[in-house]
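One structure is given below, encoded as structure tokens.
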């Protein structure tokens with residue numbers, strides 16, 4: 001409610017519970033549920049009701065003066081892999097040679113040039129799940145082969161992200177909470193399933209706490225701040241010649257299994273951050 005210079009936000013729940021906006025000190029924004037409407041709504045009314053509800057909640061988010069982990073608008077921008085790569089490069093992190101295109105000729109040229117020396121992978125630009133009427137299928141990072149190039153014309157229908165394949169000693173999952181950095185080694189090369197994408201065999205892989213060089217850690221903190229985030233889950237590669245290569249950052253990435261396998265106090269740091277310990 002607005003009344004002159006005064007404003008009041010009240011979120012009411014069943015059984016009389018309510019929260020006032022000025023009582024909120026922190027918000028953990030992760031996988032919000034969809035709005036629910038009566039089944040008798042026509043498609044047009046359903047769209048209208050959803051638009052009005054979304055406009056309202058997004059407006060209320062702007063009024064909250066609190067710590068966000070993370071603010072949904074910052075998440076939305078930070079999720080864009082094109083922006084991630086640019087900002088990572090600007091803060092001094094090394095990134096793989098990358099092509100994003102829907103031009104089959106450019107994709108074919110990139111493959112022919114890069115595959116000779118290092119190989120080429122293809123990965124998602126947006127969502128990692130393909131949904132059909134019955135189930136969803138995960139999209140993993142995959143090597144591009146000569147057999148795939150036969151169908152390269154399909155690239156024209158939607159952009160694709162191609163990168164040079166980076167040789168791996170180990171992979172790193174780096175969880176950033178405020179100005180705290182938790183780095184963990186994932187020994188993906190010990191599993192045939194996980195050599196290209198460790199997510200194919202996550203819980204069967206060795207995980208160890210990793211100590212980052214101070215320079216790399218500071219660049220990672222700079223990256224997260226430049227993206228406007230309080231939290232980020234970063235994937236990197238440590239090459240056999242000990243170079244740290246940035247792959248991507250997930251502003252809403254999972255971290256629970258990392259804490260379970262290593263004992264790193266990630267959840268405690270998130271709680272402290274939500275209580276008002278801003279960086």
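The values are calculated or read from the model by the stated rules, or taken from the named source; none is laboratory data. Please read these numbers as outputs of a predicted model, since none were measured by experiment. So basically every Cβ, Gly included, is an ideal-geometry build from the backbone, and we count neighbours across all protein chains shown.
So the values come out like this:
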quantity	calculated
Number of the exception - residue 78 against (1) surrounded by 14 or more Cβ atoms within 10 Å (Cβ to Cβ); (2) over 18 Å from the mean Cα position of the chain (by Cα)	(2)
Residue selected from segment 202-214 under the condition modelled with pLDDT under 95 and surrounded by 17 or more Cβ atoms within 10 Å (Cβ to Cβ), by the criterion farthest from residue 168 (Cα to Cα)	202
Among the candidates 203, 212, residue that is out of contact with any strand residue (DSSP E or B) (no Cβ under 8 Å at 6 or more places or on another chain) and within 21 Å of residue 263 (Cβ to Cβ)	203
Condition broken by residue 62, with the remaining ones in (1) modelled with pLDDT of 95 or more; (2) touching a helix residue (DSSP H, G or I) at 6+ places or on another chain (Cβ under 9 Å); (3) in a helix (DSSP H, G or I) satisfied	(1)
Qualifying residue in segment 182-190 (condition: in contact with a helix residue (DSSP H, G or I) (Cβ under 6 Å, 6 or more places away or on another chain) and closer than 20 Å to residue 140 by Cα)	yes
Matching residues, segment 179-201, being under 19 Å from residue 232 (Cβ atoms) and surrounded by fewer than 20 Cβ atoms within 10 Å (Cβ to Cβ)	179, 180, 181, 185, 199
Elements of type strands (runs of 3 or more DSSP E) in segment 1-56, at least 1 residues being surrounded by 10 or more Cβ atoms within 10 Å (Cβ to Cβ) and under 28 Å from the mean Cα position of the chain (by Cα)	26-28
Top-ranked residue of segment 240-264 - restricted to ones that are assigned to a loop (DSSP other than H, G, I, E, B) and touching a residue at least 40 places away in the same chain (Cβ under 8 Å), ranked as surrounded by the fewest Cβ atoms within 10 Å (Cβ to Cβ)	242
Condition check for residue 229: touching a residue at least 24 places away in the same chain (Cβ under 8 Å) and under 18 Å from residue 71 (Cβ atoms)	yes
Given (1) closer than 27 Å to residue 220 by Cβ; (2) at pLDDT below 85, number of the condition residue 10 does not satisfy	(1)
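Matching residues to (1) in contact with a strand residue (DSSP E or B) (Cβ under 6 Å, 6 or more places away or on another chain); (2) more than 20 Å from residue 120 (Cβ to Cβ); (3) in contact (Cβ under 8 Å) with a residue 24 or more places away in the chain:
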{"site": "143", "(1), (2), (3)": "yes, no, yes"}
{"site": "155", "(1), (2), (3)": "no, no, yes"}
{"site": "163", "(1), (2), (3)": "yes, no, yes"}
{"site": "174", "(1), (2), (3)": "yes, yes, yes"}
{"site": "177", "(1), (2), (3)": "yes, yes, yes"}
{"site": "186", "(1), (2), (3)": "yes, yes, no"}
{"site": "191", "(1), (2), (3)": "no, yes, no"}
